[in-house]
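Asker: The following block contains the structure, expressed as structure tokens.
The values are calculated or read from the model by the stated rules, or taken from the named source; none is laboratory data. Everything numeric here is computed off the predicted structure, so don't read it as measured data. Note that we place each Cβ from the backbone using ideal geometry, even for glycine, and neighbour counts take in every protein chain shown. The accessibility values were calculated without ligands, DNA or RNA, using every heavy atom of the protein model including side chains. Shrake-Rupley method; radii C 1.70, N 1.55, O 1.52, S 1.80 Å.
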Amino acid sequence: MAPVLYIVVPCYNEQAVLPITAPLFLKKLGELAEKGLASPDSRLLFVDDGSRDASWDLISDMARRDARVLGIRQSRNRGHQNAVLAGLMEAKDRCDVTVSIDCDGQDDLDAMDRMLEAYAAGCDVVYGVREDRESDSFFKRTSAQAYYKLLAALGAEVVYNHADYRLISARVLRELENYREVNLYLRGLIPLVGFRSGTVSYKRAKRLAGESHYPLGKMLALAADGVTSLTVKPLRLITSFGILVALVSFIGVLWALITALCGRSVPGWASTTCIVCFVGGVQLISLGVIGEYVGKIYLETKQRPRYIISERTDSSEFRARDSE
Ligand code: UDP
Ligand code: MG
């Protein structure tokens, strides 16, 4: 029997693009059911990440008109990763398989067919991988590629050029639920859960409408989350670097002693200043990196909820569940 599919779509201030992409998603659901890749009971689940525009009204309106559309609303904006997680956790007990996808039409919907074929062939996770990044700006492209390489060099397991367009089966989601970290970086977390996985490549298009919500600051924050949630290698690198600096300064001390003994000691103001500045800089950077991890520990120990759902669309499915 064809699996029940939930397409999970995070939306944040997307009133410009929702009316364009929602019909495309629904059309895709129809096609997948026709091909026998997904059950006709499959659903489109929108997660409104505390939008301040008319996104939620649009979602509720769609849900009223089409029983295949469901929506949940976060109590406030919590960020893309948490929105995806909220949707996945909401979906996991009602479906066999989920596909998460951005709502801006950048990800090729036709790749879903191949994802479901891979699922039918036994994969529990199928990563959508971008073939090229021509649609991204030069800066975004190069910085993203450098970042993937950095993560790989630090020993974190991530799928190169994969964002958050992926298929995950319900049983993987039930395991993912046990990963309780607040510092959420799904791209890095899902490979850790394991199970058989595959990849599907696709061409990433430009946003159909609206604007990106990932300005430089948010991108850097996500990048830092990625590193600190996946690996402690930077802490070890600091130790190694500290040892190296200590060794070099030891050689410097030896050299100073020898020149002094030879009676050739020079006033040495410049060299002293250089060393003090250098070591000071290294210490500050090191403290910063350690601070980053300590901050993350602080956040984790609070064990705050990762998402709070404030509203659900008035669908019979949700009502049936709430009255259970
Ligand atoms: N998004 C979200 N919460 C946020 C920011 C973004 O749910 O705080 C959603 C957004 O609506 C979109 C997806 O995450 O569906 C990816 O965002 P965007 O397209 O702005 O990022 P980009 O593709 O430019 O990296
Ligand atoms: Mg986008």
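Asker: Here are Arg141, Arg133: which of them is closer than 16 Å to Lys203 by Cβ, modelled with pLDDT under 95 and in a helix (DSSP H, G or I)?
Answerer: Unique residue meeting the criteria: Arg141.
Asker: Inside region 203-235, can you point out the residues that are within 24 Å of Thr98 (Cβ to Cβ) and more than 16 Å from ligand 2 (Cβ to nearest atom)?
Answerer: Asp225, Gly226, Ser229, Leu230 - these are the residues of region 203-235 that are within 24 Å of Thr98 (Cβ to Cβ) and more than 16 Å from ligand 2 (Cβ to nearest atom).
Asker: Check Gly87 against each of (1) in a loop (DSSP other than H, G, I, E, B); (2) within 15 Å of ligand 1 (Cβ to nearest atom) and name the one condition it does not meet.
Answerer: (1)
Asker: While we're on this one: Select from region 91-114 the residues that are touching a strand residue (DSSP E or B) at 6+ places or on another chain (Cβ under 6 Å) and open to solvent by 20 Å² or more (accessible area, probe 1.4 Å) and list them in ascending order.
Answerer: Listed by number, the residues that qualify are Asp108, Arg114.
Asker: Moving on. Scanning region 136-155 for residues that are touching a residue at least 60 places away in the same chain (Cβ under 8 Å) and more than 15 Å from ligand 2 (Cβ to nearest atom), which turns out nearest to Val227 (Cα to Cα)?
Answerer: Looking at the filtered set, the residue picked out is Leu151.
Asker: Kindly list the number of the only condition in (1) under 28 Å from Asn13 (Cα atoms); (2) among the hydroxyl-bearing types (Ser, Thr, Tyr); (3) modelled with pLDDT of 80 or more; (4) open to solvent by 60 Å² or more (accessible area, probe 1.4 Å) that fails for Ser316.
Answerer: (3)
Asker: Just to verify a result, which residue in region 144-163, among those that are touching a helix residue (DSSP H, G or I) at 6+ places or on another chain (Cβ under 7 Å) and part of a helix (DSSP H, G or I), is surrounded by the most Cβ atoms within 10 Å (Cβ to Cβ)?
Answerer: Going through the qualifying residues, I end up with Leu151.
Asker: Could you please find all residues in region 1-28 being hydrophobic (A, V, I, L, M, F, W, C), open to solvent by 10 Å² or more (accessible area, probe 1.4 Å) and more than 15 Å from ligand 2 (Cβ to nearest atom)?
Answerer: Once the filter is applied, which keeps residues that are hydrophobic (A, V, I, L, M, F, W, C), open to solvent by 10 Å² or more (accessible area, probe 1.4 Å) and more than 15 Å from ligand 2 (Cβ to nearest atom), region 1-28 yields Met1, Ala2, Val4, Leu26.
Asker: Six or more apart or on different chains, Cβ under 7 Å: which pairs go from a residue in region 98-110 that's more than 8 Å from ligand 2 (Cβ to nearest atom) to one that's modelled with pLDDT under 95 and of a type in the set (Asp, Glu)? Could you list them?
Answerer: Here the result reads Ser100/Asp164; Ile101/Asp107; Cys103/Glu14, each pair linking region 98-110 to a residue that is modelled with pLDDT under 95 and of a type in the set (Asp, Glu).
Asker: Next question. Based on this model, can you work out whether Val200 counts as more than 20 Å from His80 (Cα to Cα), away from ligand 2 (no atom under 16 Å from the Cβ) and in contact with a helix residue (DSSP H, G or I) (Cβ under 8 Å, 6 or more places away or on another chain)?
Answerer: Spelling it out, Val200 is indeed more than 20 Å from His80 (Cα to Cα), away from ligand 2 (no atom under 16 Å from the Cβ) and in contact with a helix residue (DSSP H, G or I) (Cβ under 8 Å, 6 or more places away or on another chain).
Asker: Here's a follow-up. Of (1) without any contact (Cβ under 8 Å) to a residue 24 or more places away in the chain; (2) away from ligand 1 (no atom under 16 Å from the Cβ); (3) part of a helix (DSSP H, G or I); (4) open to solvent by 50 Å² or more (accessible area, probe 1.4 Å), Gly263 satisfies all except one. Which?
Answerer: (3)
Asker: From the list Asp61, Asp113, Asp93, Asp57, which residue is acidic (Asp, Glu), within 19 Å of Phe195 (Cα to Cα) and either away from ligand 2 (no atom under 16 Å from the Cβ) or assigned to a helix (DSSP H, G or I) (or both)?
Answerer: The conditions single out Asp93.
Asker: Right, another one. For the list (1) farther than 21 Å from Tyr307 by Cα; (2) within 15 Å of ligand 2 (Cβ to nearest atom), I need the number of the one condition that Ser42 fails.
Answerer: For Ser42, the failing item is (2).
Asker: Assess whether Val47 counts as being within 16 Å of ligand 2 (Cβ to nearest atom), assigned to a strand (DSSP E or B) and closer than 28 Å to Arg171 by Cα.
Answerer: The answer is yes for Val47.
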